[in-house]
1. Can you compute 3J(HN,Hα) from phi for each residue in the range 243-248, using the Karplus curve 6.51 cos²θ - 1.76 cosθ + 1.60 with θ = phi - 60°, rounded to whole Hz and x for Gly and Pro?
2. Could you derive backbone 3J(HN,Hα) for the range 347-363 from the dihedral phi with the Karplus parameters 6.51, -1.76 and 1.60 (θ = phi - 60°), listing whole Hz in sequence and x where the residue is Gly or Pro?
3. Which residues' amide hydrogens lie under 5 Å from the amide hydrogen of residue 208, considering only partners 5 or more residues apart or on another chain, with H built in the peptide plane?
4. For residue 238 and residue 157, FRET efficiency with R0 = 25 Å and r from the beta-carbon atoms, rounded to 0.05?
5. Counting only protein heavy atoms and using a 1.4 Å probe, what share of the accessible area of the range 222-372 belongs to carbon plus sulfur, as a whole percent?
6. State, as an integer percentage, the relative contact order of the range 197-355 based on alpha-carbon contacts under 8 Å between residues 6 or more apart.
7. Skipping prolines and chain starts, which residues have an amide H placed within reach, meaning under 5 Å, of the one on residue 342, given they are 5 or more residues away or on another chain?
8. Can you give the % of DSSP beta bridges in the chain that are antiparallel, to the nearest 5?
Amino acid sequence: MPAPDPSELERLGLYDPAAPDAGEQLALLRHLIELGATPEGLVEAKDNGRLAQASADLALRPGTGTLDDAAVAAHAGVEPALARRLTRAAGLPNLLPGTTPFTGGDADMLTTFADACEVYGEEVTTQLVRVIGTAMARVAEAAGSAFLNVEGDLTAAGSDELALARATLRAVGLLPGTVRAMEVLLRRHLTAFIGVAMGLRDEPVVDLAVAFADLVGFTAFSQQLSPAELSRAVARFEAEASDTIAGEGGRLVKLIGDEAMVVAADADTACRVALALVGRFSDHEVLPPVRVGLATGPVLPQDGDYFGQPVNLASRLATLARPGTVLVGGGIKQAVAANPAYHLRAVGRRRLKGFDAPVPTWALRPAARRGT
């Protein structure tokens, strides 16, 4: 595509040669046109206040050219019906007849999924693709939320659409490095999972300690905050909880708003994680205190999550624990009762939802607090 004529861009109101940043304006417009934008399309985007979004759409497009579902399926060497099932599992929208929303990048992705079907089978691969799609959607939303902070600062400073588009392209420029970092992290976590996976060869379950931690009174607390303040509070909880869990050797399974689910290889690690979380949020300058429930036993790993009675018990114990305390079940008590680092105080048998008989419980503290 020939380079756009600066005078034409000026006539369209896209370019001001007298502006202090005229060179940057022209370079940005040329880059957007090289990505596939037309000058007329940029005018429409600018008039509608969507130039930054248009720049992101152009820069993020996964490949060139457009393909329909039949062409994508043919590229991957699979039947169109399987292609639709896999793309739907990935969270991509259903195709409309006669539309061509896919690019070469989508076709390469589908080829990888088709290869996985040969290794794992279609059913397992489809579920794996579903997990990947869900994870990528969350990563995309987190990255988008991060950029909204930048965009908000630029808007507050009175920046124009071209400045926003420049900032958008700088953010998009982080994508290749982010993808490489994600590959490194995936390899790291796969390596860590191998030890667990070895134990699943004969039995589909594995013995782990499970912890649930939640912010006490978060519903009432959140009602006192503006949406922006609430977003920052949740982000802070997630960041500090994640750092604490990783620092003590646990693995964060998932964060659900004001609640974190953690697994650990043994009861001692789980106790350290739980007590560290309670300590981290004790007398916090922003957030309410945390309470934690702990249980241990056989759990079923599936799609990055865990299921079984210990999971249910840990969750129920967390809701029963007092602010700033750790409540544990019998398995944890038996595992750490002889450990001089901990003090256990019997709380009594409690009726818990989903459990037929009352469950014996203990409050866990560091041994140094025995006299308090």
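The values are calculated or read from the model by the stated rules, or taken from the named source; none is laboratory data. What you see is a predicted model; the values in this text were computed from it and never measured. Cβ atoms come from the backbone with ideal geometry, glycine included; neighbour counts cover every protein chain shown. Surface areas here come from the heavy atoms of the whole protein model, side chains and all, with no ligands, DNA or RNA. Shrake-Rupley method; radii C 1.70, N 1.55, O 1.52, S 1.80 Å.
1. 5, 5, 4, 5, x, 9
2. Each residue's phi maps through the Karplus curve to give 9, x, 7, 10, 7, 10, 4, x, 10, 5, 10, x, 9, x, 9, 9, 8 Hz.
3. Amide H neighbours of residue 208, under 5 Å, 5+ apart: 297, 299.
4. Values: r = 28 Å, r/R0 = 1.12.
Plugging the Cβ-Cβ distance into 1/(1 + (r/R0)^6) gives 0.35.
5. For the range 222-372, the apolar C and S fraction of the accessible surface comes to 49 percent.
6. 27 percent
7. Close amide H contacts, sequence-distant or interchain: 367.
8. Values: 36 of 39 bridges.
Once the DSSP bridges in the chain are tallied, antiparallel ones form about 90 percent.
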